[in-house]
Amino acid sequence: MLGYLAAAALCVAAVLLVRTDVRFLADVPGLSSLWCEQCMVSGGRLMSKEELSSYDGRAASPGLYLAVLGQVFDVYKGSKHYGPGGSYSFFAARDASRAYVTGDFAEQGLVDNVSELSPTQMLHLHNWYNFYQKNYTPVGKLIGRFYDEQGNPTKALEDALGIIDIGLKLKEQRQEENKQFPPCNSEFSAGVTKVWCSKHSGGIQRDWVGVPRKLYLAGYDGYRCVCVRTTGPPSEHLESKEHNDKGDLDNPSLQEYKDCNPLFDWCLLKE
C-alpha cells in the first residue's frame, strides 16, 4: 500500500513540478516505468484542451504539439513550420481539423468540428492524418470532441471515420471509372480550351487512344471530359461476340461536344 502511495505521489509531483515534454521523462532515473504505468493511457497521454494550448513552441512552452481528429502529435522537429512565426503556426496547440480542408485559417475556422464535411473532404483530411502519422510522433489523445475523459472514441469520431470510409469507397469507384473512361488531357490558351486523348491521358496507361466526350454521372454536378474507346464490345459486355464494334460510344451517360468532329481524338472548346 505504501509503495503504491509513493508511486502515486511521485507521479503527481512529476506532473506539477516538471513542465516538460513527456518524452523527456523517460530519461529520469526511476520515473519512466512509473509514468507509463500510472500516468499514461492506451495510445499515449490524455490531454485537455487547456493543457494542449500551452504546447505552442514558445520559449516557456513545454513543447510543440497539434491535434488532428483528436490524435495529438509532437511536431517539434517541424518547428520551422509549426512554431512561432512559422507558416503553419496557427495549427499548433489545438485541434483545427476542419481548417485542413476548408483553408479557413481565421480563428473561427480553426476548429475541430468536421460534421458537415463531405466524404471527399474527409478523405483529404484523412490524408493529412496519415501524413502526421508517418512523419511525426503520436503522443496521446485530446479530451473533447473525439475522445472522452477515459480516452474512448466518441460518436463524433465514429461518425467521422464512417464518412472517411465512404470517401475511400468513392475513390475506389472513381479509379474503376477512370479505367473505363480515362480523363482527357487539357490545356487553356487565349480563351480556348483544348482537350485531347492519348494512350496515357489522365495517367491511365492503355493500348487505345479514344475520343473526347462529356461524361455525366448520377450524384455529380455537371460533367467531366473523358476519353472513350471506339472499337470492340462495350465495357459492360467485354466477353460478348455480338456487338456493333463501337466500344463505349453508345453509353447513355456520354454526350458529344458541340461543333467537334465526333471521330477526332481532340476538340477545341469555346463554351
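The values are calculated or read from the model by the stated rules, or taken from the named source; none is laboratory data. Quick caveat, the model's predicted, so the values are computed rather than measured. SASA here: full protein model, heavy atoms, side chains in, ligands and nucleic acids out. Shrake-Rupley method; radii C 1.70, N 1.55, O 1.52, S 1.80 Å.
Of all lysines in the structure, the ones whose alpha carbon falls short of 26 Å from that of residue 258, not counting any fewer than 8 places away in one chain, are 179, 194, 199, 214, 246, 270. Ligands, DNA and RNA excluded, the heavy atoms of residue 116 present near 150 Å² of accessible surface to a 1.4 Å solvent probe. Heavy-atom accessible area, probed at 1.4 angstrom with all protein chains present, ranks 186, 97, 235 as 186, 235, 97, highest first. The mean sequence separation of alpha-carbon pairs under 8 Å and at least six residues apart, normalised by the residue count of segment 159-271, gives a relative contact order of 25 percent.
Compute, for residue 124, the solvent-accessible surface of its heavy atoms (probe 1.4 Å) with the complete set of protein chains present, and express it in square angstrom to the nearest 10. Counting only protein heavy atoms, the figure is 80 Å².
In terms of its alpha-carbon gyration tensor, segment 192-254 comes out oblate; a/c meets the 1.5 threshold, while b/c is at least as large as a/b.
In summary, the aspartates and glutamates within cross-link reach of residue 141, defined as a Cα separation below 18 angstrom excluding same-chain residues under 8 places away, comprise 21, 37, 50, 51, 56, 74, 95, 112, 149, 158, 159.
Our coupling estimate for segment 97-114, obtained by passing each phi through the Karplus curve with A = 6.51, B = -1.76, C = 1.60 and θ = phi - 60°, is 3, 4, 5, 4, 9, 7, x, 8, 9, 6, 3, 6, x, 8, 10, 9, 7, 10 Hz, Gly and Pro reported as x. For 155, 214, the ranking by accessible surface with the largest value first comes to 155, 214, using a 1.4 Å probe.
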